[in-house]
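The values are calculated or read from the model by the stated rules, or taken from the named source; none is laboratory data. None of these values were measured; they are calculated from a predicted model. Every residue, glycine as well, gets a Cβ built from its backbone with ideal geometry; the counts of neighbours run over all protein chains shown. Heads up: the accessible areas ignore ligands, DNA and RNA and are worked out on the full protein's heavy atoms, side chains in. Shrake-Rupley method; radii C 1.70, N 1.55, O 1.52, S 1.80 Å.
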Amino acid sequence: MYMDHSATSQVDKQVFKAMEPYFVHKFGNASTLYSLGRDARKAMENARAQVASLIGAKTEEIIFTSGGTESDNIAIKGTAYRLKDKGNHIITSAIEHPAVEETCKYLEKKGFEVTYLPVYKEGIVRVSDLEDAITDKTILITIMHANNEIGTIQPISEIGKIARENKIYFHTDAVQTIGKIPLNVEELNVDMLSISAHKVYGPKGIGALYVRKGVRLEPIIHGGGHERGIRPGTENVSGIVGLGKACELAQNNLTENAKYITNLRDKLINGVLDSVEQSYLNGHRTERLPNNVNFRFTGIEGESLVLHLDSKGIAASTGSACSSKKLEPSHVLTALGLEQVDAHGSLRLTLGKGNTEEDIDHAIESIKEVVETLRKLSPLWCAIPGAERKE
Ligand SMILES: *Cc1c(COP(=O)(O)O)cnc(C)c1O
């Protein structure tokens, strides 16, 4: 039972089928003039239109990259380097994906100043904090659309409006929202938006950056001028075709998938909160992705929980895939104001279109069993006043 779709997802069979010819038969370089190359170019431009259509952009506003991380880097560094004479201040949130967080930290070392907006208990930034943070040196606001760990959705449209009023570039990392909730770059008032294929049943190592017409970025890599000079390098045609197909499928099935998965999510949330004592949901109850569940259990260590669930056939995670190798608790959970020990007791389950009601029943039952077993063994749990120990 795969319940870690925010880490990655299985490539859809239709996506795989669409990609296959571009490895062997249609292997041309999209920059060449003969028909093999032209066919590759055509397939690529078709994919560009599919990506653009999903987010309400113009075809020429889509730049292919190697994934979400690269898109974030190009948007943030590209803006910072381009506008460094105008100002050196960047505003972001305290719960960004490392692709944004670490890029901002790097820029701090290079002389930029970064404000990390708090997200409070519910995991959502306040527009008033943003307004207070803006100075005449602010050149970029970068705030994620939805968080990869706790699933909370940020007020992007309002943030974008403020950015525009103040003539500040606005980038959002929408890797987690693409294909999960309806998304339109005009309604969101964004100038740049990051996309990755592998979180929406596409292949790994391919993504895109939406760059609004008129927005100028300094390239961070240099080469043969591909992708309007912003992202040079021979195009990953098969990957691009896969990304396009994944976007097309996501668009066609968006409402249906979102409704189906939201039902599973709510069943899982209610089932666990009702049957496991001292269990809590991290992040806002409703302003969250249709597929995201993030619990915390008093007196439990998240990693043990994940390993025990694995032995019951459930793939889940604690913190994000990127922070789970480190020992310190996730910066997202601590930004909610959680104590270290509580942040360590978290469990993320992210659902996908392949999950069923039976999977959810099994997950609820397994979580209940494993939490009870671990608590019986836990000195932490025994020390908690009022913690009931059932024999
Ligand atoms: C996965 C993820 C990324 C990174 O995307 P890659 O394609 O794996 O580089 C960036 N931001 C968010 C919110 C993500 O969930």
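Would a scan of the range 91-113 turn up a residue that is part of a loop (DSSP other than H, G, I, E, B), within 25 Å of His284 (Cβ to Cβ) and touching a helix residue (DSSP H, G or I) at 6+ places or on another chain (Cβ under 6 Å)? Yes; the residues of the range 91-113 include at least one that is part of a loop (DSSP other than H, G, I, E, B), within 25 Å of His284 (Cβ to Cβ) and touching a helix residue (DSSP H, G or I) at 6+ places or on another chain (Cβ under 6 Å). Of all residues in the range 42-56, those being open to solvent by 10 Å² or more (accessible area, probe 1.4 Å) and either outside the structural domain of Asn236 (by TED's automatic domain parsing) or not basic (Lys, Arg) (or both) number 8. Restricting the range 122-132 to residues that are open to solvent by 40 Å² or more (accessible area, probe 1.4 Å) and in a loop (DSSP other than H, G, I, E, B), the residue that is nearest to His89 (Cα to Cα) is Arg126.
From the list Thr115, Thr69, the lone residue that is within 25 Å of Ala208 (Cβ to Cβ), in the same structural domain as Arg231 (by TED's automatic domain parsing) and not hydrophobic (A, V, I, L, M, F, W, C) is Thr69. For the range 181-205, how many residues meet the condition of being assigned to a loop (DSSP other than H, G, I, E, B), under 16 Å from Gln50 (Cα atoms), more than 8 Å from the ligand (Cβ to nearest atom) and not hydroxyl-bearing (Ser, Thr, Tyr)? So the answer is 6. All conditions in (1) surrounded by fewer than 24 Cβ atoms within 10 Å (Cβ to Cβ); (2) of a type in the set (Ser, Thr, Tyr); (3) not in a loop (DSSP other than H, G, I, E, B) hold for Thr135, with the sole exception of (3). Taken over the range 258-288, the residue count meeting the criterion of being of a type outside the set (D, E, K, R), more than 22 Å from Pro329 (Cα to Cα), touching a strand residue (DSSP E or B) at 6+ places or on another chain (Cβ under 9 Å) and assigned to a loop (DSSP other than H, G, I, E, B) is 1.
Note on the range 2-25: among residues that are open to solvent by 100 Å² or more (accessible area, probe 1.4 Å) and assigned to a loop (DSSP other than H, G, I, E, B), the one that is nearest to His198 (Cα to Cα) is Gln10. Residues in the range 1-34 that are free of Cβ contacts under 8 Å to residues at least 60 places away in the same chain and either aliphatic (A, V, I, L, M) or in contact with a Cys (Cβ under 9 Å, 6 or more places away or on another chain) (or both) were compared, and the one that is farthest from the ligand (Cβ to nearest atom) is Leu33. When Leu327 is tested against (1) at pLDDT below 95; (2) buried (at least 20 other Cβ atoms within 10 Å of the Cβ), just one condition goes unmet, and that condition is (2).
Checking each residue in the range 166-220 for being surrounded by fewer than 17 Cβ atoms within 10 Å (Cβ to Cβ), of a type in the set (D, E, K, R) and farther than 26 Å from Ile134 by Cα picks out only Lys204. Residues in the range 65-90 that are open to solvent by 10 Å² or more (accessible area, probe 1.4 Å), in contact (Cβ under 8 Å) with a residue 60 or more places away in the chain and not in a helix (DSSP H, G or I): Ser66, Leu83.
Taking the criterion of being away from the ligand (no atom under 12 Å from the Cβ) and surrounded by fewer than 22 Cβ atoms within 10 Å (Cβ to Cβ), the only residue of the range 91-103 that qualifies is Ala94.
Every residue, every condition in (1) among the aliphatic types (A, V, I, L, M); (2) within 18 Å of the chain's Cα centre (by Cα); (3) not assigned by TED's automatic domain parsing to the domain that holds Ile153, yes or no:
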residue: Val272; (1), (2), (3): yes, no, yes
residue: Val276; (1), (2), (3): yes, no, yes
residue: Asn294; (1), (2), (3): no, yes, yes
residue: Thr298; (1), (2), (3): no, no, yes
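For the range 244-260, taking the residues that are charged (D, E, K, R) and surrounded by fewer than 20 Cβ atoms within 10 Å (Cβ to Cβ), the one that is nearest to Val15 (Cα to Cα) is identified as Glu256.
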